[in-house]
Amino acid sequence: MGFALSILYFVTYYLSPPTIFGPLAVAHVQVIIAALVMTISLPRLMRSSIRRTPQALALIGLALTVGISSLVSLRWAGGAVQAFLLFIPNAFGYFLVCLYCDSMKKLKILIVAMLFVCLFVIARGSIELSQESPDAVLASPTGASDYAIAQANDNGEVILRLKGQGMINDPNDFAQVIACTVPLIFVFWRPKKGLPNFVCVILPVFALLVGAFLTHSRGGILALLGILLVAARRRIGTVPATLLAGGLLAGALALQFTGGRAISASAGQDRTILWGEGMQMFKAQPLFGVGFGNMMSNADNTAHNSIVVCAAELGFFGLYFWSLFLFPTMRNVLVIASPERVREGVPIEPEEGFFPTERVENEYIDKADLNRMGRLLVLSLTGFIIAAWFLSRAFVLTLFLLGGMVEVVFEMGLQRGMIASRLPLPKVFLNSGGLAILMVIVMYVMLRILNLMH
């Protein structure tokens, strides 16, 4: 029951309650689902080792920092509670994945759910895009319809960009989810199985790429090309893979993949200005920032960079805890993706579940299975991070879902004796602090370079 409710929770959160439940959404069905999942999850969480992972500690630290930052900046306890309640539903995804998606079979169902979300938006959006005119959408009060937003490109032409609803109601957000989902679909690839591969992998990936095109997201195309670069360099080498990615980028621009919006330093000058404003906020409020979600109250727009928005809104404490989630996630996924660091394991006996009649099934997983899932998660996280460089999406559900998936696969390897133990917590804490400092330095150096170029 917990697994089914978790999948329903994820799908509802992505597509929005009105889309899933229609008129019943006014009864706050999503809140009821969340309450049910939390109620049945607490006993399982209390006996789970997930509470001691660095990622879990990071999310607890982030939740506290979110509340404190809003309390300090707004001097209003109610604002701190609101910020906390906005953050928790996203972070909750990590715990649900770790608690209930604890087998390869369940992880595949989660991937299918992510694919369903993408295909649903692409199908509904394609119909709407074919029926709406850009001028009509632009003339609407919000400049958007249910699945499209009107925007002028560099040539002054009005284009329609595909978007979703709920947490993916921005074309760039939806493009990021697509980029993260594309590599995961290849978990269903089977060697020498032509027809099943065509139906279960090639067709869905083609549909996702069509959806990415309809978003006209510059961050989306860079994320997809980054995924291709990382995937191809393992087979053909770094230089050929870079040339291939560069050629595809040129082709995508020629085919108006971005809808006539350029990808260049000069085209991103406005975004660079926002990055600078965000770093100035960080300098002015270095400990807890200007408050969760408050950057737009202190600037003309949000930063369009997840590192900057995290530092500006939550200060160094928030950036540290974000790094504390990111560092062990990236370290663990690189471990399970490396053939040299994974050995063949031994089968483990099924364990008794929380209820007397329940048994937790432990499926057989070999080294190749673990490595392949690790490589796909590396690619998916690559897509997320590249897109996040151009989006203010440091705390979205997608990151915590991917972090949970990494933790589940890493735990599978640990239980079967296929990988070494985790890094000691003191080392993780130290390295995460170093990563936070490095990210701040990189942003300052990049801003200096971009300002010189302009």
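The values are calculated or read from the model by the stated rules, or taken from the named source; none is laboratory data. Bear in mind the structure is a predicted one, so any value in this text is a computation, not a measurement. With ideal geometry, Cβ positions are generated from the backbone for all residues, glycine too; neighbour counts draw on all protein chains shown.
Number of residues in the stretch 178-212 that are surrounded by fewer than 20 Cβ atoms within 10 Å (Cβ to Cβ), free of Cβ contacts under 8 Å to residues at least 60 places away in the same chain and not β-branched (Val, Ile, Thr): the value is 14. Screening Val137, Val121 for residues that are assigned by TED's automatic domain parsing to the domain that holds Cys200, surrounded by 17 or more Cβ atoms within 10 Å (Cβ to Cβ) and under 24 Å from the mean Cα position of the chain (by Cα) leaves exactly one candidate, Val121. The set of residues from the stretch 71-113 being part of a helix (DSSP H, G or I), over 18 Å from the mean Cα position of the chain (by Cα) and either of a type in the set (S, T, N, Q) or under 19 Å from Leu8 (Cα atoms) (or both) comprises Ser73, Gln82, Leu99, Tyr100, Met104, Lys105, Lys106.
Does Phe327 satisfy the criteria of being modelled with pLDDT of 90 or more, surrounded by fewer than 24 Cβ atoms within 10 Å (Cβ to Cβ) and under 22 Å from Val177 (Cα atoms)? Spelling it out, Phe327 is indeed modelled with pLDDT of 90 or more, surrounded by fewer than 24 Cβ atoms within 10 Å (Cβ to Cβ) and under 22 Å from Val177 (Cα atoms).
So for the stretch 176-193 (the condition being touching a Gly at 6+ places or on another chain (Cβ under 8 Å), farther than 18 Å from Phe390 by Cα and either in a helix (DSSP H, G or I) or in the same structural domain as Leu402 (by TED's automatic domain parsing) (or both)), does at least one residue qualify? Yes, the stretch 176-193 contains a residue that is touching a Gly at 6+ places or on another chain (Cβ under 8 Å), farther than 18 Å from Phe390 by Cα and either in a helix (DSSP H, G or I) or in the same structural domain as Leu402 (by TED's automatic domain parsing) (or both). Against the definition (in a loop (DSSP other than H, G, I, E, B), touching a helix residue (DSSP H, G or I) at 6+ places or on another chain (Cβ under 8 Å), of a type in the set (Val, Ile, Thr) and surrounded by fewer than 24 Cβ atoms within 10 Å (Cβ to Cβ)), how does Ile386 come out, yes or no? So Ile386 fails the test. Has the stretch 26-46 got at least one residue that is out of contact with any strand residue (DSSP E or B) (no Cβ under 7 Å at 6 or more places or on another chain), under 30 Å from Leu376 (Cβ atoms) and in contact (Cβ under 8 Å) with a residue 60 or more places away in the chain? Looking for residues that are out of contact with any strand residue (DSSP E or B) (no Cβ under 7 Å at 6 or more places or on another chain), under 30 Å from Leu376 (Cβ atoms) and in contact (Cβ under 8 Å) with a residue 60 or more places away in the chain, one finds at least one in the stretch 26-46, hence yes. Filtering Ile60, Ile40, Ile68 for residues that are assigned to a helix (DSSP H, G or I), out of contact with any Phe, Trp or Tyr (no Cβ under 6 Å at 6 or more places or on another chain), assigned by TED's automatic domain parsing to the domain that holds Phe292 and over 19 Å from Leu107 (Cβ atoms) leaves a single hit, Ile60. Could you please let me know if Leu86 is within 16 Å of Gly166 (Cβ to Cβ), surrounded by fewer than 17 Cβ atoms within 10 Å (Cβ to Cβ) and assigned by TED's automatic domain parsing to the domain that holds Phe292? Taking the combined requirement at face value, the residue satisfies it.
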